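In what follows, a single structure is set out as structure tokens and then discussed.
The values are calculated or read from the model by the stated rules, or taken from the named source; none is laboratory data. Here the structure is a predicted model, which means the values were calculated and not measured. We place every Cβ from the backbone using ideal geometry, glycine too, and count neighbours over all the protein chains shown. Only protein heavy atoms, including side chains, enter the accessible area calculation; ligands, DNA and RNA are left aside. Shrake-Rupley method; radii C 1.70, N 1.55, O 1.52, S 1.80 Å.
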2 protein chains.
Amino acid sequence: MRTIVVALGGNAILQRGEKGTAEEQRKNVKMTASQIASLVKDGYRVVITHGNGPQVGNILIQNEVARGEVPAMPMDICGAESQGMIGYMMQMSIRNALREIGLDIPVVTVVTQTLVDRQDPAFLNPTKPVGPFYDERWARERQEKYGETWVEDSGRGWRRVVPSPDPKLIIEGESIKALVDKGHIVISTGGGGIPVIQDENGVLSGVEAVIDKDLGAERLAVAVGADTLMILTDVNGAAINYGTTEERWLGKVTLSELKKFEKEGHFKKGSMGPKVAAIIRFLEHGGEQGIIASLDKAIPALRGETGTLVVPG
Amino acid sequence: MRTIVVALGGNAILQRGEKGTAEEQRKNVKMTASQIASLVKDGYRVVITHGNGPQVGNILIQNEVARGEVPAMPMDICGAESQGMIGYMMQMSIRNALREIGLDIPVVTVVTQTLVDRQDPAFLNPTKPVGPFYDERWARERQEKYGETWVEDSGRGWRRVVPSPDPKLIIEGESIKALVDKGHIVISTGGGGIPVIQDENGVLSGVEAVIDKDLGAERLAVAVGADTLMILTDVNGAAINYGTTEERWLGKVTLSELKKFEKEGHFKKGSMGPKVAAIIRFLEHGGEQGIIASLDKAIPALRGETGTLVVPG
């Protein structure tokens, strides 16, 4: 039986322009859940991970606005909250979608920590923007008061940036694998996982950082011994010369071809870049295939009818 | 090997008078984690559940205060957030505490839904207060606008009340048991679990309600096939004639004795009442022993040196 890790993009939970009400999220998650159910019906063992940007962004705003009444939580705890929130909606929806097609399979969310290297150079150079835009005065005050890093973003205002260290290990990997091996559907490593570091005695602690969810998905795929890593997003796959007249969407490519394109700078940082990087890593760690496809085309993509399929070689 | 479900009271995470900062919670959870680690060291297989009152209360306030900027989430989603938050802090702390004594055992939080009967009479009679006190005008507006139920609380102001239906089934029970059987330490059913109902087709949906965490713990104990249910709280055990000159703390009692005391009205609703009810149910469902003890005396209580120990008979 094939084991597939599905990395869901933000559009699996929230569509562009939506504000993030519970109704919107539940509606989108329900649609996503029926996609997942089709994969399960087709005989795949499915492990799910997802982004959490808009959700953790909203939780951060709530913490900020209510700071006078309720102590604001640090980012690692906010991330954990978003895993609970999204995981709950997903496990319920997927269970419901499976039942609808006559399948009674346990679906469960595991709160997940992802180990990063405390010496990761990313900690010296925060680059990942989080939360909303504020004015310069706010940014300066936060910088002084809390030691946060804020940057001006091309005239749109000031935004906090945090380190985006490289994920090393899924701390709960053994538990997740035990469940997957039992045939349960597991949702985990939400938002790339809660970033934690380890001291010289192996003691874990949370850090204020954000892990790329696709790179986290790769670590998850290795942890559960998946053969396929499928990244579902809002475009049909990876393209070279993207946005130019020479634009060409990639169908089936080999690892070495993809690495060549990556080296040539075809994939944008912060969007297609980490997706391609995750799939390259996955194949280099023994994965059999990597797929980048549109959220609503998971099944055709697995059949090679659409999307970008990356194979060893 | 004995399997023990430990139900942690609010004081395991937050002490009376504390505001609920991350530092306070982490400090308390760390102390609790060392208790749990001692149990594991003594050879018990441990499953953990916990209250979430102050945490979900704070999340509800944040949602309310920030409502103008971020869509407020319903109570089931806030409960899921609190499970993520508390579970994360606990799984990290327990793992650290185990490592400190040389044990390398997976610790994991499962986001947990608890099935309640949609016909539960509690839905017609909301009684469980949630969130902070407000004035009458606020309460009336919320009643009209959102159909919530608010009650005046003995001169302290108005407070929202929600139904507290009886927990029937831990939806993720099979996954939790699979992990426990593997020897992993599982944290689940936080705050009694996220209350969900099932329609005639088996489709789940969340409800605005609160499940008693001790009654939820009983369902969890049955789901994992535990032999011991231990409820840790801020008093030394159950007492009869509590608060009178005839007060007597209960040591070792039989199920039938405890049921007699319960019938006589010795245990206060909302405090010792549900703890005693949970233990009675547990023994009636085949549990071997129920314990009510002080959080810092888990080990002596298991040795019968302190706390209330309830046995069949």
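With respect to the axis relating copies A and B by rotation, the chain A residue whose beta carbon is closest, plus that distance in Å, is A:Gly84, 1.
Note: relative contact order over chain B, using C-alpha pairs below 8 Å and six or more positions apart, is 21 percent.
Axis of helix B:213-224 versus longest Cα principal axis of chain B: the two differ by about 50°, to the nearest ten degrees. Using a 7 Å projection from Cα along Cα-to-Cβ, the label point at B:Gly157 is separated from the same position in the remaining copies by 2.9 nm, smallest value first.
Among the protein heavy atoms, those of B:His285 account for about 110 Å² of accessible surface (1.4 Å probe, every chain in place). Compared with the dominant principal axis of the Cα atoms in chain B, helix B:75-100 is inclined by about 30°. Annotation for B:Glu288, label-to-label distances across the other copies: 4.4 nm (shortest first, one decimal, point 7 Å from Cα along Cα→Cβ).
Remark: mean inter-chain Cβ contacts per residue of B:203-214 equal 2, using a 10 Å Cβ-Cβ cutoff to other protein chain atoms. Taking the C-alpha atoms only, the angle from helix B:272-284 to the longest principal axis of chain B is near 60 degrees.
According to the square roots a ≥ b ≥ c of the eigenvalues of the Cα gyration tensor, what is the shape class of segment B:30-165, taking rounded for a/c under 1.5, prolate for a/b larger than b/c otherwise, and oblate for the remainder? Cα axes put segment B:30-165 in the prolate bin. To the nearest 10, the accessible area of A:Lys177 is 70 Å² with a 1.4 Å probe. In this model, which of A:Lys41/A:Lys259; A:Lys19/B:Lys128; A:Lys269/A:Lys297; A:Lys168/B:Lys30; B:Lys182/B:Lys213 are farther than 27 Å apart at the alpha-carbon? Pairs exceeding the cut-off: A:Lys41/A:Lys259; A:Lys19/B:Lys128. Once R0 is set to 51 Å, what does the formula 1/(1 + (r/R0)^6) return for the Cβ-Cβ distance between A:Lys263 and A:Glu69, expressed as a FRET efficiency to the nearest 0.05? Here the calculated transfer efficiency is 0.50. For the pair B:Asp296 and B:Trp249 in one chain, pulling the backbone fully straight at 0.36 nm per residue adds 15.2 nm over the alpha carbon distance. These residues, A:Lys269, A:Lys260, go from largest to smallest accessible area, 1.4 Å probe, as A:Lys269, A:Lys260. In this rough spin-label picture, where each label sits 7 Å from Cα along the Cβ direction, the A:Asn125-A:Val151 distance is 1.0 nm.
Among A:Leu215, A:Leu169, B:Leu220, the sequence by solvent-accessible area, most first, with a 1.4 Å probe is A:Leu169, A:Leu215, B:Leu220. Can you bin segment B:146-296 into rounded, prolate or oblate? Criterion: square roots of the alpha carbon gyration tensor eigenvalues sorted a ≥ b ≥ c, rounded for a/c under 1.5, prolate for a/b above b/c, oblate for the rest. Oblate is the answer for segment B:146-296, as a/c is 1.5 or above yet b/c matches or exceeds a/b.
Counting from the shortest, the label point at B:Asp104, 7 Å from Cα toward Cβ, is 4.0 nm from the same position in each remaining copy. Of the GluC sites (Glu not before Pro) found in segment B:249-312, the ones in coil according to DSSP and having at most 15 other Cβ atoms within 10 Å of their Cβ are B:Glu264, B:Glu288, B:Glu305.
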